[in-house]
C-alpha cells in the first residue's frame, strides 16, 4: 500500500482537527490512547489508520466518515475503502494485504 494514501488521510485529519480547534491529545484520548504522539504519527502518514479508528476519528471530530474516502468529485473511492478495511485486519501480513489489492486490480482489468 502506498504511503501517500495514508499521508493524504493524515493531512485531512490534521486539517479537520485544526479547523475544529481540537488538540491532538483530545483526539488521542477519544481513541483510547494516552499520548498525542499516536495522532501525530497518523497525521504525518507514518502510522497507518484502519477503518475502525478512522470511524472513531470522524465521530470525535463530528464529521461525516465519507470525507476521508471521497475523491475530489465527491465519489466514493472504493480502493481507499478497501485499503482501510484491509488495514483493520490484524491477521494479515503487509504482503498479504498488497496481494489482495493486486488481485482486485487484476480482476478490474480483466473485466474491461
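Look at the range 1-34 and say how many of its residues are surrounded by fewer than 18 Cβ atoms within 10 Å (Cβ to Cβ), touching a helix residue (DSSP H, G or I) at 6+ places or on another chain (Cβ under 6 Å) and without any contact (Cβ under 8 Å) to a residue 12 or more places away in the chain.
The total comes to 0.
Output the number of the condition that residue 78 fails; it satisfies all remaining conditions of (1) farther than 19 Å from residue 20 by Cα; (2) at pLDDT 80 or above; (3) surrounded by fewer than 16 Cβ atoms within 10 Å (Cβ to Cβ).
Only one criterion in (1) farther than 19 Å from residue 20 by Cα; (2) at pLDDT 80 or above; (3) surrounded by fewer than 16 Cβ atoms within 10 Å (Cβ to Cβ) is unmet by residue 78, namely (2).
Does the range 43-51 contain any residue that is assigned to a helix (DSSP H, G or I) and over 29 Å from residue 100 (Cα atoms)?
no
If a residue must be under 16 Å from the mean Cα position of the chain (by Cα) and outside any helix (DSSP H, G or I), how many such residues does the range 24-40 contain?
1
In the range 35-54, how many are surrounded by 15 or more Cβ atoms within 10 Å (Cβ to Cβ) and over 23 Å from residue 95 (Cβ atoms)?
Our first condition is that a residue be surrounded by 15 or more Cβ atoms within 10 Å (Cβ to Cβ); within the range 35-54, this holds for 36, 38-43, 45, 47-51, 53-54.
Subsequent filtering for residues that are over 23 Å from residue 95 (Cβ atoms) retains 36, 38-40, 43.
Number of matching residues: 5.
Evaluate the range 101-108: report whether one residue or more is at pLDDT 75 or above, surrounded by 12 or more Cβ atoms within 10 Å (Cβ to Cβ), within 15 Å of the chain's Cα centre (by Cα) and outside any loop (DSSP other than H, G, I, E, B).
So far as the range 101-108 goes, no, none of its residues is at pLDDT 75 or above, surrounded by 12 or more Cβ atoms within 10 Å (Cβ to Cβ), within 15 Å of the chain's Cα centre (by Cα) and outside any loop (DSSP other than H, G, I, E, B).
The values are calculated or read from the model by the stated rules, or taken from the named source; none is laboratory data. All figures in this text were calculated on a predicted structure; none of them were measured in a lab. Neighbour counts are summed over all protein chains in view; Cβ atoms, including those assigned to glycine, are modelled from backbone coordinates with ideal geometry.
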